[in-house]
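Heads up: the structure comes next, in structure tokens.
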Amino acid sequence: MNNKEIREKVKEALAENSKFANRLGFFYWCICFPFYLLGMVLPALSVLFSVFSTIGSTALQESAMLFYRQRKAEVLQSFLSTLSKLFFKLVILMLVKCFICLAWGAIFLVPAIAVLLLKLFPSAVLTYSIAAALTVIALIVMSIKSLSLSFSEFVLFDNPAFSVYEAVKKSQKMTKGYRARVLLMSLHFVPLVAISFLCFGLPFIKIAPRFLVSNAGLYEEVKKRNGRN
């Protein structure tokens, strides 16, 4: 199935199971949006709030994966079970993913900073142009690495005994040749997410289930195709 077919399948499944969809969306809103607001009100604690929000929303992805497979799942039960089994691994995974992306980005960001600080070129226009170009390249590289790591959480859900390193390596292997599809699946929901922030995040209650379950569906599709190869 292509991305559009996955989204249509998910849309129909959620329409038939509105109780699950509403619960998943409500939990997602309760976990993400209040922490986002707290981060704005208390900037000094914004990193801590971001960690809680990220881990909480990640734990909900297992509910989405189970629903895609079985057309049913208990949101709260699955959420608590995931946190009890994988909380520390999810925290470490989040830090490892950040480190990997930043490390790859630093290959281009460090030279960009050096160009600006050391003023290696006589022309200011040339200096800023080169620094800007290196920064853009760094962002592209970081985005590509982020896409290659996007299935790490699903891999852990499927294989709780895996180490974070094993989950990362398997995600990189699975997404090889599929990073464009992962990117396009996420980009499809960007406008809806942007609108949500203008409406106190309330549209998240409807958008989040489709986003989470569609990503789970893409993981299942890629896993199936990898199994054939």
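Take the chain, mark every one of the trypsin sites (Lys or Arg not before Pro) that falls in a DSSP loop and has at most 15 other Cβ within 10 Å, then report the longest stretch left between them, sites excluded. List each step's numbers first, then the result.
Numbers: sites that count: R71, K72, K119, K176.
Longest run free of exposed loop sites: 1-70.
Efficiency by 1/(1 + (r/R0)^6): what FRET value for K206 and C98, r their Cβ-Cβ distance, R0 = 30 Å, to the nearest 0.05? My answer for the efficiency is 0.55. Just checking the listed ones, S171, S123, S196: in the Gaussian network model of the chain with Cα springs under 10 Å, the one fluctuating most is S123.
Estimate the FRET efficiency between E12 and S81 by the formula 1/(1 + (r/R0)^6), using the beta-carbon distance for r and 30 Å for R0, to the nearest 0.05. The pair E12/S81 has a calculated efficiency of 0.65.
Straight Cα distances below 23 angstrom link K119 to none of the lysines, with same-chain residues fewer than 8 positions distant left out.
When the helix-only estimate is applied to the chain (DSSP H runs of n ≥ 4, each -39,500 (n - 2.57), divided by the residue count), what is the mean residue ellipticity at 222 nm, nearest 500 deg cm²/dmol? Don't skip to the end; give the middle numbers.
Numbers: 9 runs with 195 residues, N = 229.
Calculated mean residue ellipticity at 222 nm is -29500 deg cm²/dmol.
Please sort through the DSSP H helices of the chain and keep those with an alpha-carbon extent of at least 30 Å along the long axis and a Kyte-Doolittle average not below -1.0. Don't jump to the answer; show the numbers that get you there.
Values: long enough: 18-41 (34 Å, 1.01); 46-70 (36 Å, 0.64); 75-118 (55 Å, 2.08); 124-148 (36 Å, 1.88); 204-228 (36 Å, -0.38).
Membrane-span-like by this rule: 18-41, 46-70, 75-118, 124-148, 204-228.
Bridging of K9 to lysines at a Cα separation below 19 Å is possible for K19, K72, K206, K223, K224, once same-chain residues fewer than 8 apart are set aside. Applying 0.36 nm per residue to the separation of K224 and Y165 and subtracting their alpha-carbon distance, the gain on full extension is 19.0 nm.
Here, each number is a calculation from the coordinates, and none is a lab measurement. Quick caveat: nothing in here was measured; it's all calculated off a predicted structure. Ideal geometry is used to build each Cβ from the backbone, glycine not excepted, and the neighbour counts take in all protein chains shown.
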